[in-house]
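First comes the structure, then the notes that go with it.
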Amino acid sequence: MPHLTAQNSIRMRLILIPACILSLGIAAVIGVTLYGAKARIASEIDSGLTLGDHLIRYALDDLADARSGDATAQSQALSRLREGLAHVRHIKVAYAAGAAAAPFPESGAPPKPKTTVPAWFQALLRPATIEKIYPVTIGGAPRGEIVMSSEPADEIAEIWSSLLFLTALLIAISIAIVTLILLTARHTLAPLRQLVDGLDRLGRGQFGAVGEIRIAELRRIGEHFNKLAATLARSEDNNHLLIDRLLSIQDAERKELARELHDEFGASLFGVRAAASCIVEAASGSLIGPAEAREIVERAQTISALADAIQKQNYRILDRIRPVILHQMGLPDALRQLAEAWRSQHRDFSCVIDIAGQGRIFNEEVSLTSYRIVQECLTNVARHSKGSAVRIGMSVDAAAAPSGSPELRLRIEDDGAGLPPDFRYGFGFLGMSERVRKLDGRLKIGAGATGGALIEAFIPVGPKAQAETAGDQAGGRRAEETAIP
């Protein structure tokens, strides 16, 4: 099945679109959280400053009412202030003593945040510091001042922690949603993969049906696909049957025509030549004058020459219709003679023929099919290859066919321009393919090692289709290569 690009894949769209929506949702949640964070911090700081202001003012009133020498009352007032400030958040309180003031330790300082907050996040949310100063008077005498300032660090840390948790939770939920969508898409789109695989098989000439599709929206498509595949299979079978019948009728007609040309025309032409010879002999011994005898002889020789030319033409027609050499010499020698005749007609080409094993005898169909394949390939090389060399190979591989039986292998390769990008079967290749298919063989057409065209035919030959002579069985296979200059 061809791989789909991310732009055209339904599965990728089903994943990317929800993922983008979820990402936008996470970004919106983060934006809303940050947008409300400043108001939250300001509210918390205002609440802490108000509560701290009340506590400090109450403590200062108690200190102002205490006597100057009453250390117990002063200590109790400061203790209450420290205890109260310890529960107030978002403020920082310090005591700045005068020259004669008693020490007053820092109190109300917020605990250090447990979470490390990035500096950029603090700078983004930290508001301007608010500071309040409270003069301390004990027994009517000034004793320094208390400084209260805002400190939002703990609130910023809480917002940062909440934001991290919320973001992680949303990302986990998004991943779970995308994973579920991926699994659902894989299950839902499985029938589409079945249909695509089925279409690929149809393109390769395999008309098998797809399995049952359980998705209601695609079930009818699968049913129509199976009907189409069955129709194409029947049409293909009918076409093969018609082509097989056509080839059989064609071969039968050629055989009958060859027999008539050989038996009828051959005998008649032989009779004409014999009669002409008799006329020549009779004219030579007759009592007619020399001039008349010479004219008779010339006319008889003309008849004999015409009969000889017609007989040669008849032999060429016989060779094209039904190669007699196949019956006289066998396939290997017939292929050699075919290559030699082709090379004599096309002197710009060099031709090498390599036949492994001698003395093999094949049945009529195998021999004729092999001969026609080589003949058609040589014709195509001369017409279309634009090359200068062709190589023909023939061998029999034992147990090489898918069925495990011996296999005749033909290989025709040229050094020409090769097959065009838009190559399609013509009548010649279609005829070769059908002849090979009729014998349960295979035909491969592609590019050779030198860039030219390479045609390979694999034809099964069983024990009845080919046999080896006793000499070949004793001596083993031997490769004979004949180069035609």
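No other residue among 173, 181 is within 30 Å of residue 30 (Cβ to Cβ), at pLDDT 85 or above and open to solvent by 70 Å² or more (accessible area, probe 1.4 Å) apart from 173. Within the stretch 12-48, the set of residues being of a type in the set (Val, Ile, Thr) and open to solvent by 80 Å² or more (accessible area, probe 1.4 Å) comprises 17, 21, 32. When restricted to residues that are within 15 Å of residue 63 (Cβ to Cβ) and open to solvent by 20 Å² or more (accessible area, probe 1.4 Å), the stretch 85-95 contains 1. Within the bounds of the stretch 49-57, is there any residue that is assigned to a helix (DSSP H, G or I), at pLDDT 85 or above and open to solvent by 70 Å² or more (accessible area, probe 1.4 Å)? Checked the stretch 49-57: at least one residue is assigned to a helix (DSSP H, G or I), at pLDDT 85 or above and open to solvent by 70 Å² or more (accessible area, probe 1.4 Å). In the stretch 229-255, the residues that are among the charged types (D, E, K, R) form Cβ pairs under 7 Å with partners that are in a helix (DSSP H, G or I), at six or more places apart or across chains, as follows: 244/438; 254/321.
Conditions tested, residue by residue: (1) open to solvent by 10 Å² or more (accessible area, probe 1.4 Å); (2) within 14 Å of residue 411 (Cα to Cα).
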| residue | (1), (2) |
| --- | --- |
| 327 | yes, no |
| 330 | yes, no |
| 339 | no, yes |
| 345 | yes, no |
| 349 | yes, no |
| 354 | yes, yes |
| 365 | yes, no |
| 372 | yes, yes |
| 375 | yes, yes |
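When the residues of the stretch 407-425 are filtered to those that are touching a residue at least 40 places away in the same chain (Cβ under 8 Å) and hydrophobic (A, V, I, L, M, F, W, C), the one that is farthest from residue 390 (Cα to Cα) is 408.
When the stretch 207-231 is filtered for residues that are surrounded by 16 or more Cβ atoms within 10 Å (Cβ to Cβ) and assigned to a loop (DSSP other than H, G, I, E, B), the ones remaining, listed by number, are 207, 209, 210, 213.
The values are calculated or read from the model by the stated rules, or taken from the named source; none is laboratory data. Not measured: the values here are computed from a predicted model. Using ideal geometry, Cβ is built from the backbone for each residue, glycine included, and neighbour counts are taken over all protein chains shown. Quick note on the areas: whole protein, heavy atoms, side chains included, nothing else; ligands and nucleic acids left out. Shrake-Rupley method; radii C 1.70, N 1.55, O 1.52, S 1.80 Å.
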